[in-house]
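For reference, the structure is listed below as structure tokens.
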Amino acid sequence: MTFDPRTIATPTYDALNNLRNLHRQDDTRLKQQKSQAVELYTYLSTWGIMRLKAEEMALPDGMMGKRQVVQKFFECLQTISETQNLSGQQGLTTLKNLNTDEYLGITGLGLALAQEFSFWATAIYAGIEGE
């Protein structure tokens with residue numbers, strides 16, 4: 001099987017572009033989205049994928065932009081990895097129950113995906129500054 005780099009780039013671009021173009025978004029939410037997308041790699045490499053999933057569930061309503069990006073991240077990771085039940089409420093249990101090789105594989109794929117989120121956020125959210 002040949003690896004096509006668009007396998008990661010396309011769902012990432014689509015997810016962020018769709019978020020960016022949602023109706024009735026204020027500047028605060030757009031700033032949160034951009035900030036979270038850019039910071040995903042740092043968070044993931046520092047704290048790990050289980051904590052990122054827990055963070056998604058812990059984010060308050062005032063941080064909806066950040067939550068939306070983390071949700072899209074896990075939706076993309078689920079699609080790319082073909083691992084069922086990573087997105088949504090059951091995601092933490094799914095991650096907890098993976099064997100070591102699967103968990104490390106998902107984490108590595110997650111790091112590559114987080115790099116894509118950071119790159120595309122800069123392009124898609126051009127003109128949105130600060131948080």
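The values are calculated or read from the model by the stated rules, or taken from the named source; none is laboratory data. If you're wondering where the values come from, they're calculated on a predicted model, not measured in any experiment. Cβ sites come from the backbone with ideal geometry, for glycine too, and all protein chains shown count toward neighbours.
The residue list 7, 12, 2, 28 contains one member that is at pLDDT below 90, of a type outside the set (D, E, K, R) and touching a helix residue (DSSP H, G or I) at 6+ places or on another chain (Cβ under 8 Å), which is 7. Just to be sure, is residue 105 of a type outside the set (Val, Ile, Thr), surrounded by 17 or more Cβ atoms within 10 Å (Cβ to Cβ) and either modelled with pLDDT of 95 or more or part of a helix (DSSP H, G or I) (or both)? So residue 105 does not fit the description; no. The set of residues in the range 71-88 being among the aliphatic types (A, V, I, L, M) and either more than 18 Å from residue 115 (Cβ to Cβ) or part of a loop (DSSP other than H, G, I, E, B) (or both) consists of 86 alone.
For the range 51-78, the tally of residues that are over 10 Å from the mean Cα position of the chain (by Cα), surrounded by fewer than 22 Cβ atoms within 10 Å (Cβ to Cβ) and of a type outside the set (D, E, K, R) stands at 9. Look at the range 33-52: where a residue is modelled with pLDDT of 95 or more and a partner is assigned to a loop (DSSP other than H, G, I, E, B), sitting 6+ places away or on another chain with Cβ atoms under 6 Å, you get 34/125; 34/128; 35/131.
Here residue 7 fulfils each of the conditions (1) more than 15 Å from residue 77 (Cβ to Cβ); (2) surrounded by fewer than 18 Cβ atoms within 10 Å (Cβ to Cβ) apart from (1). Which residues, taken from the range 13-24, are in contact (Cβ under 8 Å) with a residue 40 or more places away in the chain and either of a type in the set (Gly, Ala, Ser) or not in a helix (DSSP H, G or I) (or both)? 15 - this is the single residue of the range 13-24 that is in contact (Cβ under 8 Å) with a residue 40 or more places away in the chain and either of a type in the set (Gly, Ala, Ser) or not in a helix (DSSP H, G or I) (or both).
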